[in-house]
Amino acid sequence: VATYTAVVGALCKEGKIQEVSDLISKMEKEGVVLDVVFYSSWICGYLREGMLTEAFQKHRVMTENGIKPDCVSYTILIDGFCKEGNVEKAVGFLQEMKEDGLNPNLVTYTAIMRGFCKIGKVEEAFEVFRKIEELGFRADEVTYATLIDGLCRKGNLDCVFQLLEEMEDKGINAGFVTYNTVINGLCKVGKTSQADEISKGIVADNFSYSTLIHGYIVERNIVGMLETKRRLEEAGVCVD
RNA sequence: GGAGUUGA
């Protein structure tokens with residue numbers, strides 16, 4: 001099954017989810033039994049394509065076949081529904097997994113948080129964030145970056161800088177994804193120069209530079225554009 | 001062998 005699961009993962013990444021059915025018939029002929037990890041990988045593929053109904057249907061088929069969902073399979077479902085902005089359903093799954101006696105973990109809650117951010121409910125996202133800490137999980141960089149991104153999209157930059165400080169206090173390293181999130185947030189509100197300053201204090205990647213250049217283009221700041229172009233060439237970063 | 005964060 002492990003081998004087949006790896007194949008499913010690869011097929012799904014290439015958008016060839018249709019071919020999974022053939023794979024399953026082959027497995028059945030060989031007497032290979034599907035397990036929860038196999039289904040998760042398959043469901044994940046449907047969610048990537050935004051096919052929520054199909055994903056949920058496979059989840060149901062799985063349970064009907066007596067295969068118990070686990071924490072990861074629920075989290076995959078929750079994340080998929082959150083990404084589409086269907087947080088109500090995601091929260092429903094969260095409830096369901098608790099009823100099944102499963103404990104949501106940091107990844108699960110981060111996915112929920114992201115769902116609230118996605119639909120612009122930053123207050124609710126913050127509540128989830130507090131709950132994470134209440135439950136004794138240590139919020140990691142991904143959790144912070146997710147919340148920071150949500151705040152950036154709301155234009156609440158004060159809060160963003162507060163969280164960055166909090167990360168530092170807790171010894172959580174803010175990597176380039178986190179900084180790029182902040183850089184993007186600043187560029188979006190027309191503060192590209194401030195974003196630029198931040199980028200000078202970190203190891204910027206092609207995301208950072210292209211975000212800055214885009215910000216300068218929007219601001220029609222030709223000097224900024226050229227200067228950023230010079231910096232990225234100097235840094236030897238390839239932009240795609 | 002499966003899950004969470006950033007740009008155009």
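Residues A:Met167, A:Met113: which one is within 27 Å of A:Cys44 (Cα to Cα) and either within 13 Å of RNA strand B (Cβ to nearest atom) or over 17 Å from the mean Cα position of the chain (by Cα) (or both)? Give the derivation first.
Numbers: A:Met167 fails: within 27 Å of A:Cys44 (Cα to Cα).
That would be A:Met113, the only listed residue that is within 27 Å of A:Cys44 (Cα to Cα) and either within 13 Å of RNA strand B (Cβ to nearest atom) or over 17 Å from the mean Cα position of the chain (by Cα) (or both).
Applying the set (1) in a helix (DSSP H, G or I); (2) buried (at least 19 other Cβ atoms within 10 Å of the Cβ) to A:Pro69 leaves exactly one unmet item: (1). The lone criterion from (1) within 30 Å of A:Ala204 (Cα to Cα); (2) touching a helix residue (DSSP H, G or I) at 6+ places or on another chain (Cβ under 7 Å) left unmet by A:Gly171 is number (2).
A:Cys117 fulfils the conditions (1) touching a residue at least 12 places away in the same chain (Cβ under 8 Å); (2) assigned to a loop (DSSP other than H, G, I, E, B) except for a single criterion, (2). When the residues of the stretch A:97-110 are filtered to those that are part of a helix (DSSP H, G or I) and either of a type in the set (A, V, I, L, M, F, W, C) or buried (at least 16 other Cβ atoms within 10 Å of the Cβ) (or both), the one that is farthest from the chain's Cα centre (by Cα) is A:Met97. Screening A:Ile43 against (1) touching an Asp or Glu at 6+ places or on another chain (Cβ under 7 Å); (2) assigned to a helix (DSSP H, G or I) leaves a single unmet condition, (1).
The residues in the stretch A:199-228 that are away from RNA strand B (no atom under 13 Å from the Cβ) and either crowded, with 17+ Cβ neighbours inside 10 Å or more than 27 Å from A:Cys159 (Cα to Cα) (or both) can be counted, and the count is 8. Note on the stretch A:179-196: residues that are surrounded by fewer than 22 Cβ atoms within 10 Å (Cβ to Cβ) and within 14 Å of RNA strand B (Cβ to nearest atom) amount to 4. Restricting the stretch A:36-91 to residues that are within 11 Å of RNA strand B (Cβ to nearest atom) and polar (S, T, N, Q), the residue that is nearest to A:Gly9 (Cα to Cα) is A:Ser41.
Every number in this text was worked out from the coordinates using simple rules, so none of it is lab data. Worth saying up front: this structure is predicted, and the values here are computed from it rather than measured. Positions of Cβ are backbone-derived with ideal geometry, glycine not excepted, and every protein chain shown enters the neighbour counts.
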